[in-house]
Structure formats: structure tokens, C-alpha cells
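Enquirer: Structure in C-alpha cells, see below.
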Amino acid sequence: MKRPVAYVAGTGRGIPERVMTNHDFAALGLDTNHEWIFERTGIVQRHIASDAETTCWMAAKAARQAMSRAGVGPGEIDAIVLSTATPDRLLPSTAVDLQAELGATRAAAFDVSAACSGWIYGMTVAEGLMQSGVVETALVVGAEKMSAIVDWRDRSTCVLFGDGAGAAVLKRARPNSSRGILSTFMRSDGTLAELLWRPSGGATIPFSERVLQDRSSFVRMAGRETFKHAVRSMSEACDRALDGAKLRAEDIDILIPHQANVRIIEATAKYASVPMDKVYVNVDRYGNTSSASIPIALDEAMESGRVTEGTTALCVAFGAGFTWGSMVIRF
Ligand code: UT7
């Protein structure tokens, strides 16, 4: 097993206050119901951010908690890597807003765009920056305001998503320590981009009266196809991360998968031979928070004592792109 370069020194989460249950969709005039949503996805409720609860606001809340638990001040952070599909604006990045908000005056700051796999991508990038020697301490945040980009008239997508942020402080591993990131794996397949995307609103088809009318700047998803690819890709990613860490399924204490749909989680766990009592599930309370889902789940698992010193965790993600990735972390 390789000696880890980076370890997780603290985690945090920033969750908007307002809760929206499955029953609340009736008030929007949508032809849906709790039974359909719960049976197909396992979702019961999600948090929806107010105007004041921006992507940066949620990120800062998560980051401050992670920094306080890691005992790290803003001046000690060398890099801020923020994954988001919902930046507060397109230029400059939300990471620089977070840098300013935290007063992290020494930090390089940039966004990573890899949809729901973004936090795994971001952690891998931060680990690489440590490997190269330019960074000692990094803040890796997944922050998403999905409610701002879903089509609230499309019942097949808007019921699935929620808002929130999760963060981890990564520090350089001590020599000879076995604590830290043991393996990482990342893949993508852009030939499938149009299965889960926002067709308009970028540089090719900028916002216009027509875009607003045909609602093509909102998220569109081919649900069935995405489901199949998610299970296949997350299963592959579990194998690759275990191979990379030279571990077997029975060595894993907890599986923390991306929280899109409990059926995808169950299928992935079954393939990976990890029993469901070792799988962290909170999709019922948050819905799909894209790249925030794994760090939120990790933070809850740490807070509740399911992840403690010595725990070996397998994290696995899949999202638009398609992108997918995984990581074995020893705490
Ligand atoms: O985070 C990135 C990864 N994202 C995912 O992994 C999501 C993957 N996909 C899924 O989780 C599932 O495909 C969904 C939960 C999105 C959908 O479940 P499904 O079993 O694949 O349903 P479906 O899309 O095939 O739709 C079945 C029926 C359709 O009606 P007809 O054509 O059979 O009459 C839909 O119109 O369910 C209808 N439907 C709904 N009915 C009530 C779709 N959305 C709703 C709804 N309420 N909210």
C-alpha cells in the first residue's frame, strides 16, 4: 500500500434552513406524489436555499466548520478547490468569493466542474497539489444550489435535487502514517453529455428570450439511461479504488456513495459486496445535492461516530458528463 500524501483533518457542512417535503410539490401544481418519489428514489425531503443562502454562503458555512475541527486558520490555507455546477456567477469563480469570505489571503482558489463527481475530482486535484510540493493545506468544498437550475415545471427532474455544501480540510500526511487518501480513480465519457445537461445558457447558446421561453437553460435528464450508467460506472469505480489501495470489500468499514437515488446506492453496494449496514444513506433527507452529497454524508458520518480514527471509507460518485470517480480514505 502506498504511503498517503494527504489526510482529512476536519469536515463540515452548510445546509440551508428551509425543508421541502415530497408533499409540498402538490402546491406547485405538479402531477406527482410522495409515493412515486419515495418508491423510485428513496427521497422524502430536501433543503431549498433562500436568495441569501448562495452557493458561496453554504460553502463558507461548511468550510468554517471543517477549518475549526481541523484547527486550521484562514491564513494557513494554500489552496481552495470548490466543486460546483451552480456557481453564483460565471466569472470569476465561486472559489474566489469563498477565499474572500474566509479571508484566506494566501490561498489559490478555483472551481472544478465535474457535476456530481466534483468533490472526488477536487480531492484528487488537491492531493496532486500536495504531491507536487506547492500546497501543505487545502480546503476542498462541494457546494450546490441545484434549486436555481432545475425546471420547477418538470416533475421528472425537480423532485430529485436539493441544496447544500460539504467541506474537508486536507493536510499533508505525516511521514510513515497510514492515515489519509489511499487511492483515487477518475473517469469521464463526454459522448454521453446530452443524457444529463443544460442545453443553453453558455457561450454557444447564450441566454435570450427564446432560451427563457423554451426553458432550455434548465437541467434535462434521460433518467433511465442515466440510472443504468450510474450503476455500471460506480461499480467499476469501487473495484478500481479497492485495487488501487490493495484492499478487498471486507476491508471497507463504510461505503459513502453519491446520494442520487437509493436504488442506485443499493445496486452499487451489492455489486461491491458491501452490506447495506455499512453504507451511509441520507438521500431521504437531502435529495441529490450533486457534488455536495459525499462531503455532507462524510461530515454526518464523522459527527455520529460512524467514521472514527482508523475507519477505512470508500467514496464513490457519478454525475453529468458523464463523470465518475472513487477514493479510499483511512481516517
Ligand atoms: O446525480 C446524477 C445522477 N442522477 C441519477 O443517477 C438519476 C438516475 N435516474 C433515476 O434515478 C431514475 O431514472 C428516476 C428516479 C429519475 C426516474 O425513475 P424511473 O423508474 O426511471 O422512471 P421513468 O423516468 O421511466 O418514468 C416512469 C413514469 C413516466 O410515466 P409513463 O411514461 O410511464 O406514463 C413518467 O412520466 O413516471 C412518470 N414520472 C413521474 N410520475 C410522478 C416521472 N417523474 C414523475 C414524478 N411523479 N415526479
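Enquirer: At a 10 angstrom cut-off on C-beta neighbours, averaged per residue, how do the peptides 63-73, 230-240 rank from highest to lowest?
Expert: 230-240, 63-73
Enquirer: Let me ask another. Check the straight Cα-Cα distances from residue 270 and name the aspartates and glutamates below 16 Å, setting aside those fewer than 8 residues away within the same chain.
Expert: 236, 239, 250, 251, 253
Enquirer: Among 61/145; 246/278; 2/228, which pairs are too far apart, with a Cα-Cα distance over 21 Å?
Expert: 2/228
Enquirer: Indicate the gyration tensor shape class of the range 1-105 (rounded, prolate or oblate), computed on the Cα atoms with a ≥ b ≥ c the square roots of the eigenvalues: a/c under 1.5 is rounded; otherwise a/b larger than b/c is prolate and the rest oblate.
Expert: Note, shape of the range 1-105 comes out prolate.
Enquirer: Which of rounded, prolate or oblate describes the range 189-331 when judged by the alpha-carbon gyration tensor and an a/c cut-off of 1.5?
Expert: Prolate, because a/c is 1.5 or more and a/b exceeds b/c.
Enquirer: DSSP beta bridges in the range 180-330, what fraction antiparallel, as a percent rounded to 5?
Expert: Counting only bridges with both partners in the range 180-330, antiparallel ones make up about 80 percent.
Enquirer: Once you place label points 7 Å from the Cα toward the Cβ at residue 38 and residue 263, how far apart are they in nm?
Expert: 1.7
Enquirer: Taking amide H positions as placed 1.01 Å from N in the peptide plane, with prolines and chain starts having none, which residues 5 or more places from residue 83, or on another chain, fall under 5 Å of its amide H?
Expert: 112, 141, 142, 143
Enquirer: According to the square roots a ≥ b ≥ c of the eigenvalues of the Cα gyration tensor, what is the shape class of the range 238-319, taking rounded for a/c under 1.5, prolate for a/b larger than b/c otherwise, and oblate for the remainder?
Expert: The shape class here is oblate.
Enquirer: To the nearest 0.05, how large is the calculated FRET efficiency for residue 203 and residue 101 if R₀ is 35 Å and r is the Cβ-Cβ distance?
Expert: Between residue 203 and residue 101 the formula returns 0.80.
Enquirer: Go through 289-295, 55-61, 259-265 and give me the packing order, highest mean Cβ count within 10 Å leading.
Expert: Listed from highest to lowest mean packing, they are 289-295, 55-61, 259-265.
Enquirer: Find how much the distance from residue 2 to residue 211 grows on full extension, using 0.36 nm per residue of separation minus their present alpha carbon separation; answer in nm with one decimal.
Expert: Roughly 70.2 nm would be gained on extension.
Enquirer: Going toward the positive end of the dipole of the chain, with +1 on Lys and Arg Cβ and -1 on Asp and Glu Cβ, which of 68, 178, 28 do you reach last?
Expert: It is 178.
Enquirer: Among DSSP beta bridges whose residues both lie in the chain, state the antiparallel percentage, nearest 5.
Expert: In the chain, approximately 70 percent of DSSP beta bridges are antiparallel ones.
Since every read-out is calculated from the coordinates, none of them should be taken as a lab result. The structure presented is a predicted model; accordingly, all values stated were derived computationally and were not measured. Positions of Cβ are generated from backbone atoms using ideal geometry, with glycine treated the same way; all protein chains shown enter the neighbour counts.
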